[in-house]
1. Can you pull the percent of the chain's accessible area that's carbon plus sulfur, 1.4 Å probe, other chains left in place?
2. Taking only protein heavy atoms into account and a 1.4 Å probe, give the accessible area per residue of segment 64-163 in Å².
3. What does the net charge come to around Glu318 if you take all other residues with beta carbon closer than 13 Å to its beta carbon, with K and R at +1 and D and E at -1?
4. Antiparallel as a % of all DSSP beta bridges within segment 1-70, to the nearest 5?
5. For segment 94-148, max minus min Cα coordinate along each principal axis, in Å, sorted largest first?
6. So how long is each side of segment 125-261 along the principal axes, counting just the alpha-carbon atoms, biggest first, in Å?
7. Using the Cα gyration tensor of segment 180-335, with a ≥ b ≥ c the square roots of its eigenvalues, what is the shape: rounded (a/c below 1.5), prolate (a/b larger than b/c) or oblate (neither)?
8. I need the Debye-formula profile for the chain: one equal scatterer per C-alpha, no solvent, reported as log10 I(q)/I(0) at q = 0.09, 0.11 1/Å, two decimals.
Amino acid sequence: MILKNNYSLLNYNSFKIDVKAKEFVEVNSTDELKEICKINNRKEILFLGGGSNILFTKDFQGLIIHLNLKGKTIEKIDSNHSIISAYAGENWNKFVNYCLEKNLGGIENLSLIPGNVGSAPVQNIGAYGTELKDVFVSCEVFNQKDCTVKEYNLDDCCFDYRNSIFKTKKHLIIISVKLKLTNKDHYINSSYGGVNDELERLGIKNPTIRDVSEAVINIRNRKLPDPKNIGNAGSFFKNPIVDLKKIEAIKKNFIDIPNFKVEENKFKIPAAWLIEKAGFKGKNFGKFGVHKSQSLVLVNYGNASGKDIYKLSLSIKEVVNKIFKINLETEVNII
Ligand code: EPU
């Protein structure tokens, strides 16, 4: 472990914000993680995974611990299921591809999501009709407060839409994740808007898990900017969930408001639609802006500061609130 001082985080955040950490260290094992935390017990610590869901608005004055634990194992538990374990530092999309190579089904709809395996449970990553919790078994968690490691099962994690216990309890650090995937008789989930259309466009009638992955990748590539080319952190806000009364009230002025029932008297409204109606879609402010094909994604065209992007997010919240009386909740972690 090499402790670095005044270390640039430019290559450690997908927004490509050029800030520095006062101290930075990369850990490659649980023992290294324990060791560094014991020594630095009283310091301000930030644990960093793939950096794909974070916005740095200033230099970080404490210690950043970059979680780089690698490795994965597969164990067949019955004729149709395997448990796959992966360490936190594995890249999520490479992990999805690895599972596809082994013909393991269940996470193909989560193809191309940026970030690492360890961050996946934090916001219960979800896309195209699948959420991590659908295949989740457990994860190994390091508790920074007492330097112990404990297994958290599905119920312990309190998963919800873009939420889990790890979003608020920042001292709980995910070291590895266990998922239950199918070996055969895969469940093909292509019902989410767009996936079936894309499969049809590809001329595929009986899709395999690889076909679903390809369809999802095509849709994402069309709509979402690749962080390798344009700095971004995916959806900046969560989709708000409102009651029927609210939908009816908005319908008076916006008859076409899209909404999806999530449970009794609870409806999800696409935040992208609210932002588009508020006039921000595709807005370019020079160094930063709102993406032209998906208004939920704020982008750094180059050399924007985290403060620029944060201020833009506040303006969006303000205008959306003025028009719809809805308070958009940030999905990205603001530091
Ligand atoms: N829409 C607009 N304007 C836009 C884009 C979308 O009005 O610019 C409306 C349309 O009505 C569209 C609807 O929003 O039908 C849904 O759009 P989309 O399928 O792109 O999904 P989303 O709700 O905007 C969520 C996730 C994405 C995930 C997609 C696909 C959240 C916060 N975001 O976006 O996740 O890829 O669904 O499942 O739930 C991420 O978390 O970083 C992320 C990209």
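The values are calculated or read from the model by the stated rules, or taken from the named source; none is laboratory data. Please read these numbers as outputs of a predicted model, since none were measured by experiment. As a convention, Cβ positions derive from the backbone with ideal geometry for all residues, glycine included, and neighbour counts pool all protein chains shown. These accessible areas exclude ligands, DNA and RNA; they are computed on the full protein's heavy atoms, side chains included. Shrake-Rupley method; radii C 1.70, N 1.55, O 1.52, S 1.80 Å.
1. On the way: 7720 of 16540 Å².
Its accessible area is 47 percent carbon and sulfur atoms.
2. Numbers: 4020 Å² over 100 residues.
Value returned for segment 64-163: 40 Å² of accessible area per residue.
3. Details: positive: Lys311, Lys317, Lys322, Lys325; negative: none.
It works out to a net charge of +4.
4. On the way: 4 of 14 bridges.
The antiparallel fraction comes to roughly 30 percent.
5. Result, largest extent first: 39, 22, 20 Å.
6. Extents along the principal axes: 52, 44, 34 Å.
7. Details: a/c = 2.13, a/b = 1.28, b/c = 1.66.
Verdict is oblate for segment 180-335.
8. One equal scatterer on each Cα of the chain leads to -0.51, -0.77.
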